[in-house]
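For reference, the structure is listed below as C-alpha cells.
What follows is calculated from the coordinates using simple rules that are stated; it is not laboratory data. All values derive from a computational prediction rather than experimental measurement. When we count neighbours, we look across all protein chains shown, and the Cβ atoms used for this are built from the backbone with ideal geometry, even at glycine.
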Amino acid sequence: MTTGGNSRFNLRSRLAGEMLHTWVSLLAIPNVRWLVVARLLANVYFYSAVIVRFEFDRGLNFTQIFLLESVLSLAVLLLNIPTGVWADRWGYRTLLIVSHMLGALSVVVMLFAHGFLLFAIADVLFGAGIACASGCEDALLLHSIADSPDAASHGRAGSAFALRGAATSAGFFIGLVSGSLFAAHDPTIAVVATLAPAWLAVAVAFRLRSDATGASLDEHTSGEFGPRSTVYALLRGAARLIAQRPLLIALSLLESVAFACVNAIFWYNQPLLGRAGVATQWFGPLTALAVAFAILTAFLLPVVRRWVGRRWLFAVSLLAPGVAYLLLAQKHGAVLVVALIALVVGGSAWRTPLLSEAVNERIGDVGRATTLSALSFIGSFVGIGVNVLVGRAGDAGIAVVGAALGLALVILAGVALWLMPGGDMEPAKLS
C-alpha cells in the first residue's frame, strides 16, 4: 500500500511540475508576461462583491441590469470588426492599450452613474474596450509564442489561453476578497478603489512589444497581405475563410450563449447567497472561493486534457455548470450553495481556452484579428438576445433562472460533443 501511495504521490508531483513548467516557460516570454499582468489588473473589480446592491441603490432592477449586458454586447457588436481591422493594420499593441484605457474610463463613468443612461454609457465604453481586445489579444499571444521553445508542442496554445484565463480569475479573486472590506459601509468606495488597478493595467499595456522578437509595430503580419493590407482585403479574406469553415460560426455562437449563461452567476450569486442566509459581508470572500476553484481547474487543464481529450473536456465544461444551475434552482444551505456556485465558475474554466485553441488553429496569422473579431460580431447577435432573456428570468424568480440556465447549458454540452473537434485539426461533425 505504501508503494502504491508513493507512486501516486510521485505521479501527481510530476504532473504538477509539468504544468507549472509550462506556465513558467510561457511567462518567460515578455509579451505573454505583460499580457497576463495587464489582464489580471484589469479584472480586479473591487465592486464585484456588491455590484447588484450598487446598481439597485442607483435605481436599477434585474431587467435593466441584464439589458445593460445587451447594451455592452451591442457596443462590442458594432465595434468588433472595425477594431479587428485596425489591429491588423496598425498593430496589436496599440489596440490593447486603447482597450485598457476604455475599460478604466468606464469605471469613472460608472462611479457617477444614477439611473439607466449613465450606466449604459459606462457599458458602451467597456464594450468598446472588449472589442479592441477581441481577437487582438489572441493574435498577439499566438504570435509571441510562435518562435519560443516547444511552440509546436501539443496543447501549448491551449495552455497559453488557460494561463490568460487564470489571470482573469486571479483578478476577480483579489477583487472579491478585498471588495467586501471596501464596501463594508458604502459600495461606492469599492468602485473608487477599482480605479487604481484599472489604470495600472493601462500602464502595464505600454510594456507590450509588437511581437515576441521586439520587431517594429508594422512587422507583425506576413504572407499575401502585408502590414498595409487594405480594409477590403482584410474583410474579404475573413469573410472567405468563415464561409469556407462553418464550424467557426457554430463555435462562436456556442461560446456566446455559454458565456451569457455562466457569466450570469456573478449577478445571481448575491441573491442566491442571501436566500441561503449568508450575511452580505461574506458575499465577496465566498464568491472568491469559487474563483479560486476556477484558477485551480485552469492550472489542471493540460493533464486532464491528456486523460480525457479536448472534445469530452469541453463538454464537461458546459455540463458541470449546467447541473449546478439546476440544483441551485432549489433552496439549499449555505455550504451547498457556495459549492454549487464554485461548480458554475470553476467547471467552466476550461471552456474558453479549449474553444479559443480550436478556433485559432483554423485561422492563419494573416488577418487573424479581423477574422476573430468578425466571429465575435456574429456571436454578439445571440449574446444580446440571451442577456435580455436571462434578466427577464431573474425577475421571474431565482428558481426560474436556475432551471432555465441549467437546461440551456446541459443542451449545449450535448451539442458540444457533436460539434467540437477533438484536437490537432481533427475534424468535427460540422466541417
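Computing FRET efficiency as 1/(1 + (r/R0)^6) for L27 and W90, where r is the C-beta to C-beta distance and R0 is 22 Å, gives about 0.25.
Count Lys and Arg as plus one, Asp and Glu as minus one, and take only other residues whose Cβ is under 14 Å from that of N43; the net charge is then +1.
Helical content of the chain, expressed as a calculated mean residue ellipticity at 222 nm, amounts to -26000 deg cm²/dmol (DSSP H runs of 4 or more residues, -39,500 (n - 2.57) each, divided by residue number, nearest 500). Here the label points at H332 and I411, each 7 Å from Cα along the C-beta direction, are separated by 2.3 nm in the simple model. Using the Karplus relation 6.51 cos²θ - 1.76 cosθ + 1.60 with θ = phi - 60°, the per-residue 3J(HN,Hα) values for segment 272-280 come to 5, 5, x, 5, 7, x, 7, 5, 4 Hz, with x marking Gly and Pro. In segment 30-130, a dipole from Cβ-located charges (positive for Lys and Arg, negative for Asp and Glu) runs towards its positive end, and of V32, L74, N61 it is V32 whose Cα lies farthest in that direction. Could you tell me whether segment 256-364 comes out rounded, prolate or oblate from its Cα gyration tensor? Rule is a ≥ b ≥ c as square roots of the eigenvalues, rounded for a/c under 1.5, then prolate if a/b exceeds b/c, otherwise oblate. Prolate is the answer for segment 256-364, as a/c is 1.5 or above and a/b outweighs b/c.
Which of these, T194, T287, T22, has the largest mean-square fluctuation under a Gaussian network model of the chain (Cα springs below 10 Å)? Result for the chain, Cα springs under 10 Å: T22 fluctuates most.
Seen from L77, the other residues with C-beta closer than 15 Å to its C-beta sum to a net charge of -3, counting Lys and Arg as +1 and Asp and Glu as -1.
In a fully extended conformation the segment linking W418 and A196 would gain 75.5 nm over its present Cα-Cα distance, using 0.36 nm per residue. Largest GNM mean-square fluctuation among L375, L336, L328, using the chain with Cα springs under 10 Å: L336. Based on every Cα atom in the chain, Rg and the maximum pairwise Cα distance Dmax equal 20.9, 67 Å. Length gained on full extension, A396 to T280, computed as 0.36 nm times the residue gap minus the Cα-Cα distance: 39.5 nm.
Computed from the C-beta positions of F381 and D57, the FRET efficiency with R₀ = 25 Å rounds to 0.20. Structure remark: mean-square fluctuation, Gaussian network model of the chain, C-alpha springs under 10 Å; the largest value among G237, G322, G364 belongs to G364.
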